[in-house]
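This report concerns only the one structure given below.
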Amino acid sequence: MADPSSYRPKPGQIPDSPGVYKFRDEHRRVIYVGKAKSLRQRLASYFQDLSGLHPRTRTMVTTAASVEWTVVSTEVEALQLEYSWIKEFDPRFNVKYRDDKSYPYLAVTMNEQFPRVQVMRGQKKKGVRYFGPYGHAWAIRDTVDLLLRVFPVRTCSAGVFKNAARTGRPCLLGYIGKCSAPCVGRVSPEEHRELAEEFCDFMAGRTGTYIRRLESRMTDAAEEMEYERAARLRDDIEALKKAMEKSAVVLADATDADLIALAEDELEAAVQIFHVRGGRVRGQRGWVTDKVEAVTTGDLVEHALQQLYGEETGDSVPKEVLVPALPELVEPVQEWLAERRGSNVSLRIPQRGDKKALMETVQRNALQALGLHKTKRASDLTTRSRALEEIAEALDLDSAPLRIECYDISHLQGDDVVASMVVFEDGLARKSEYRRFQIKGFEGQDDVRSMHEVITRRFRRYLAEKEKTGEWADGEIGLTEEDGRPKRFAYPPQLVVVDGGQPQVAAAKRALDELGIDDIAVCGLAKRLEEVWVPGEDDPVVLPRTSEGLYLLQRVRDEAHRFAITYQRAKRARRFRASPLDDVPGLGETRKQALIKHFGSVKKLRSATIDQICEVPGIGRKTAETITVALAQAAPAAPAVNTATGEIMEDATDTTDATDATDVTDVTDAESETTAGSAGEPVSAGSSDERRGQER
């Protein structure tokens, strides 16, 4: 715990101008980002008597070891820079709203030749029109099913579309009139794009004009005694009206607005947003946050606005934003919203009428969301704190282990031996810190030796980064990157957990001792009886089955196992699906696919002459000679056997298409996040399914 006076800037050193400031801990990790109209006044408030600070603010300033700031010209620039730094550094003491789910949107891919209507989640893509978000994906599909009768836009995937174009036969929706079948040329690309534009206009709220147009066409058809066409138009109108009924009119003046309401207590806050377009509620979403800093309702509103509109532009930012309380500095926030939209945005508190009544509805939703969240998490903050305290007490640690790293080894009968490192901070998984390792020091199955290698490599990197920062030279911590962020492995844990018993724990401890590290605790969790092993002890530490500490260690261990086995399976799949063409120098993915497409398989390519290979577009004679030599040196794979029929599948790997031969995609689940391996390559956290038996 640091003394704030030890890093307090000297008097007169802080400028009296707008800016953004960062607090860093002893390892140079950014733990808090804030903005101020006057940096001098704001930062001075942090360095008063600790007893006068809010408990959360007191925790932050005592965790920090330094403070730095950046001066900007205006308060709007400060708001933009603060948002960028929060997104970049993910500070632990900043308010961060978290979704309890990934909300689905109705998306129209206007960036494609034939736009497609589909359900999308996650990050928004350029050139795609989004509507929503919706509470449930089935609500989107119900609406789309009604609208396809009137706007028969393509909804099929790229594979189905290409297959229909190849065979000349549309899918079922094309036969029943719910797709205009551009895949077989029933409509031109221009006509199909016009349909997609009309679909977007209708979803954007411009419904009255289109329905009146259909009613006029229906009347004209009836007068001309084209009763079948009039009946179809009548049914189209009914379908559109039914789709409109799914979102009731809440604001009679066809308002475009977002309504934001908050429900909060001393520890947490829930925010609910209603998206109103054309006077109708078109989407709803909500977030929950831990109040890790001393914030007012206006501050929470400001953070919600940053998260809601930080990546949005144009019409995604409505003309009007209604909130329960205004931020402390209204004008910069309003100006920032106007910049995002490209025109004026009204930010205000509704006082009377329909908008105030709707805001009360949003407020009730926020209260319900906060109550449901508390019920689901069952005082999660208290539980996590108790779990960390129980671990510290059981392992006789000086303080609660706020950062825990867990390691696991995975292999299949000694092949494809890999290891995982997962990180939990404050009792929660921090997936951006996950790492993966390939065992390089030896071949074969030896979990103890593998664990020693992994721990050695991880903490050798830590010591190297520590030496680079200058911590050993003069006691001051330098920067490891130009932007001030610590490099990989530069942040040490308070506790290392290994998946295993006495041998694995001893190997991990020996690795730390060899590196001269004596301030990191080590323990192991054995699967059989869930015993906790510590170095140098003949008997394990047995935690009660109802212990929150044991439950946290189990979650950490299981997450490490899941991450390791996912990487091991992906590595094994990549090896099984390798192609001899992978070893040909200078041969990229495009030319590999061209070769396979031309010859049909690697087996036929191997028997081809140099002149025949030169016939492939993009393949010159020198490259053809290189391919011939490489394939001649590569031994053909042993024939595979279909275990179901006993049939010998000749040269199974040679018949692999270009995509299978060169592409391996990690299995991912809904919670997957990008992580980095020991060499810095991105990986994905994957499925938690485990295979027992030979695979570990």
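The values are calculated or read from the model by the stated rules, or taken from the named source; none is laboratory data. On a predicted model such as this, the values are computed, not experimentally measured, just so you know. Every residue, glycine among them, receives a Cβ derived from its backbone with ideal geometry; neighbour counts consider all protein chains shown. Note: accessible area is taken over every heavy atom of the protein model, side chains too, but ligands, DNA and RNA are not part of it. Shrake-Rupley method; radii C 1.70, N 1.55, O 1.52, S 1.80 Å.
Could you identify the single residue in GLN307, GLN334 that is buried (at least 19 other Cβ atoms within 10 Å of the Cβ), modelled with pLDDT under 90 and touching a strand residue (DSSP E or B) at 6+ places or on another chain (Cβ under 6 Å)?
GLN334
If you take the residues in region 310-331 that are of a type in the set (Val, Ile, Thr) and in a loop (DSSP other than H, G, I, E, B), which one is most open to solvent (accessible area, probe 1.4 Å)?
Checked region 310-331; the qualifying residue most open to solvent (accessible area, probe 1.4 Å) is THR313.
Going through region 174-192 one residue at a time, which ones are assigned to a helix (DSSP H, G or I) and crowded, with 18+ Cβ neighbours inside 10 Å?
Result: GLY174, PRO182, CYS183, HIS192.
Could you list, in sequence order, the residues of region 210-229 that are among the hydrophobic types (A, V, I, L, M, F, W, C) and either within 27 Å of CYS200 (Cβ to Cβ) or open to solvent by 80 Å² or more (accessible area, probe 1.4 Å) (or both)?
ILE211, LEU214, MET218, ALA221, MET225
Could you count how many residues in region 408-433 are touching an Asp or Glu at 6+ places or on another chain (Cβ under 7 Å) and surrounded by fewer than 20 Cβ atoms within 10 Å (Cβ to Cβ)?
4
Kindly check whether there is at least one residue in region 430-450 that is small (Gly, Ala, Ser), at pLDDT below 85 and at negative phi.
Checked region 430-450: at least one residue is small (Gly, Ala, Ser), at pLDDT below 85 and at negative phi.
Residue check: is PHE563 open to solvent by less than 40 Å² (accessible area, probe 1.4 Å), aromatic (Phe, Trp, Tyr) and within 28 Å of the chain's Cα centre (by Cα)?
For PHE563, the condition - open to solvent by less than 40 Å² (accessible area, probe 1.4 Å), aromatic (Phe, Trp, Tyr) and within 28 Å of the chain's Cα centre (by Cα) - is met.
Do you know which residues across region 1-30 are among the aromatic types (Phe, Trp, Tyr) and crowded, with 21+ Cβ neighbours inside 10 Å?
TYR21, PHE23
Working only within region 289-309, note down all residues that are farther than 20 Å from GLN334 by Cα and within 21 Å of the chain's Cα centre (by Cα).
Of everything in region 289-309, those that are farther than 20 Å from GLN334 by Cα and within 21 Å of the chain's Cα centre (by Cα) turn out to be THR289, ASP290.
Being small (Gly, Ala, Ser) and not in a strand (DSSP E or B) is the filter here; which residues of region 419-445 pass it?
Of everything in region 419-445, those that are small (Gly, Ala, Ser) and not in a strand (DSSP E or B) turn out to be GLY427, SER432, GLY441, GLY444.
Every residue in region 293-304 that is of a type outside the set (D, E, K, R) and surrounded by 19 or more Cβ atoms within 10 Å (Cβ to Cβ), please.
Once the filter is applied, which keeps residues that are of a type outside the set (D, E, K, R) and surrounded by 19 or more Cβ atoms within 10 Å (Cβ to Cβ), region 293-304 yields VAL295, LEU300, VAL301, HIS303, ALA304.
Quick check: is even one residue across region 154-162 surrounded by 14 or more Cβ atoms within 10 Å (Cβ to Cβ), at pLDDT 90 or above and in contact with a Phe, Trp or Tyr (Cβ under 6 Å, 6 or more places away or on another chain)?
Yes; the residues of region 154-162 include at least one that is surrounded by 14 or more Cβ atoms within 10 Å (Cβ to Cβ), at pLDDT 90 or above and in contact with a Phe, Trp or Tyr (Cβ under 6 Å, 6 or more places away or on another chain).
Tell me yes or no: at least one residue of region 468-491 is at pLDDT 70 or above, surrounded by 15 or more Cβ atoms within 10 Å (Cβ to Cβ) and either over 25 Å from SER6 (Cβ atoms) or out of contact with any Phe, Trp or Tyr (no Cβ under 6 Å at 6 or more places or on another chain) (or both).
Yes, region 468-491 has at least one match.
Quick one: is ALA139 surrounded by 15 or more Cβ atoms within 10 Å (Cβ to Cβ) and at pLDDT below 80?
Spelling it out, ALA139 is indeed surrounded by 15 or more Cβ atoms within 10 Å (Cβ to Cβ) and at pLDDT below 80.
Among the residues of region 75-103, how many are in a loop (DSSP other than H, G, I, E, B), out of contact with any Ser or Thr (no Cβ under 9 Å at 6 or more places or on another chain) and modelled with pLDDT of 80 or more?
The total comes to 2.
Considering each residue of region 3-40, count those that are under 26 Å from ALA464 (Cα atoms) and in a loop (DSSP other than H, G, I, E, B), and give that number.
6
Quick one: in region 48-69, of everything that is touching a Lys or Arg at 6+ places or on another chain (Cβ under 8 Å) and open to solvent by less than 60 Å² (accessible area, probe 1.4 Å), which residue is nearest to PRO332 (Cα to Cα)?
GLU68
What do you reckon, is PRO493 closer than 19 Å to LEU552 by Cβ, outside any strand (DSSP E or B), touching a residue at least 12 places away in the same chain (Cβ under 8 Å) and not small (Gly, Ala, Ser)?
Here the answer is yes, as PRO493 does meet what is asked.
Report yes if some residue within region 9-23 is closer than 30 Å to ALA338 by Cβ and among the acidic types (Asp, Glu); otherwise report no.
yes
Of all residues being more than 14 Å from LEU326 (Cβ to Cβ) and in contact with a Pro (Cβ under 9 Å, 6 or more places away or on another chain) in region 341-359, which is surrounded by the most Cβ atoms within 10 Å (Cβ to Cβ)? Just the residue, please.
Checking each candidate, the answer is LEU358.
Residue by residue through region 33-47, note down the ones that are free of Cβ contacts under 8 Å to residues at least 24 places away in the same chain and open to solvent by 40 Å² or more (accessible area, probe 1.4 Å).
Of everything in region 33-47, those that are free of Cβ contacts under 8 Å to residues at least 24 places away in the same chain and open to solvent by 40 Å² or more (accessible area, probe 1.4 Å) turn out to be ARG42, SER45.
Return the residues of region 76-89 that are open to solvent by 50 Å² or more (accessible area, probe 1.4 Å) and under 13 Å from GLY34 (Cα atoms); say none if nothing qualifies.
Those that are open to solvent by 50 Å² or more (accessible area, probe 1.4 Å) and under 13 Å from GLY34 (Cα atoms): GLU77, GLN80, SER84, LYS87.
Tell me whether region 280-288 contains one or more residues that are more than 29 Å from the chain's Cα centre (by Cα), open to solvent by 50 Å² or more (accessible area, probe 1.4 Å) and of a type in the set (D, E, K, R).
Scanning region 280-288, I find no residue that is more than 29 Å from the chain's Cα centre (by Cα), open to solvent by 50 Å² or more (accessible area, probe 1.4 Å) and of a type in the set (D, E, K, R), so the answer is no.
State which residue is nearest to ILE627 (Cα to Cα) when the search covers only region 569-581 and only residues that are in contact with a helix residue (DSSP H, G or I) (Cβ under 8 Å, 6 or more places away or on another chain) and at pLDDT 70 or above.
The extreme case among them is LEU581.
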